[in-house]
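Comments concern the structure below.
The values are calculated or read from the model by the stated rules, or taken from the named source; none is laboratory data. Please read these numbers as outputs of a predicted model, since none were measured by experiment. Don't worry about glycine lacking a Cβ; one is built from the backbone with ideal geometry, like all the others, and counts go over all protein chains shown.
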């Protein structure tokens, strides 16, 4: 009970610091709202290769194997193998394991031999515009190439029969179904990524000054003299920013759901857990930086070095699976990468929370490690007198 009171006392003190600084109030509350409104209005209305692809082969004929080989040889796709059912393919797209699924219908080979036009269904993940556009073009090219080869063989074998000429010109047609964003709405692709990027930048910038301000103003001496537990100091400092960041996350979701045509499919509890994990990770990173550097200016410089690259390598501006391995490794150390991946899978596609267990684990680990590290740093600085012996 005493520890809880000390945490709340420290949190009240930090809220007072926040409210006294108009710049901080503006950044932490108004900047995400302004950014959301700007990009929601603005988006009202290099080539991707090796998109992950699975195939459902219900025909299992020489023609279906020819189609599979063509997809495997295309530089646009990375063939992951066969799956048994359409439902399994849809689930793999929903959980982000694959980008494209091709459904080869039963009796494809027989219908083509009989001169009948037939359809090959392609399922595409529409949450990433670059992938959906590239996959649409790529699958059409593959099937047109196979279809042209089939036509030539039929002409050579049977001659040109006028009654069958129309069907022979295009015996295999592509039917494409883009999931989760069939209208190619740019707001679905851009809005949440942009707002999450700005929210990360704002929260890291403001939180990184939490302990720096105490150092610059000399008020650390009060904390040292009070002998308040390290846990109460660190958690009390973090609590106001944690509450504000979590509030901003949900405010963005509510505004998107109410003021735009974007459909958020994820359950409320699942979205809460994703936002909670993202917030914890931001708090942990900011507290570590705030304890390591002596002033707010240098803290902001370090945060800039962290936040700016994350915009480029988080999988938002370019699919993560298409990046070089060193960049992917760096990206996996950033909270924005895992938050955007989890939000797309759960929030946009409606997958269960279990589908993003890895992302949640990484976010919580980043946050907890940062908070525990901050406690160790602050305790060491207090014991060595660095909190009061200011330069």
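For the stretch 206-241, taking the residues that are modelled with pLDDT of 80 or more and surrounded by fewer than 21 Cβ atoms within 10 Å (Cβ to Cβ), the one that is nearest to residue 13 (Cα to Cα) is identified as 239.
Against the numbered list (1) at pLDDT 80 or above; (2) assigned to a helix (DSSP H, G or I); (3) surrounded by 15 or more Cβ atoms within 10 Å (Cβ to Cβ), residue 357 comes up short only at (3). From the list 254, 283, the lone residue that is touching a helix residue (DSSP H, G or I) at 6+ places or on another chain (Cβ under 7 Å) and at pLDDT 75 or above is 283.
Screening 84, 133 for residues that are modelled with pLDDT of 70 or more, farther than 24 Å from residue 60 by Cβ and surrounded by fewer than 19 Cβ atoms within 10 Å (Cβ to Cβ) leaves exactly one candidate, 133.
Within the stretch 106-118, how many residues turn out to be surrounded by fewer than 15 Cβ atoms within 10 Å (Cβ to Cβ) and at pLDDT 85 or above?
Residues in the stretch 106-118 being surrounded by fewer than 15 Cβ atoms within 10 Å (Cβ to Cβ) and at pLDDT 85 or above: 3 in total.
For every residue, the table says whether it meets (1) under 19 Å from residue 359 (Cα atoms); (2) over 16 Å from the mean Cα position of the chain (by Cα); (3) surrounded by 19 or more Cβ atoms within 10 Å (Cβ to Cβ).
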{"position": "278", "(1), (2), (3)": "yes, no, yes"}
{"position": "299", "(1), (2), (3)": "no, yes, yes"}
{"position": "303", "(1), (2), (3)": "no, yes, yes"}
{"position": "311", "(1), (2), (3)": "yes, no, no"}
{"position": "319", "(1), (2), (3)": "yes, no, no"}
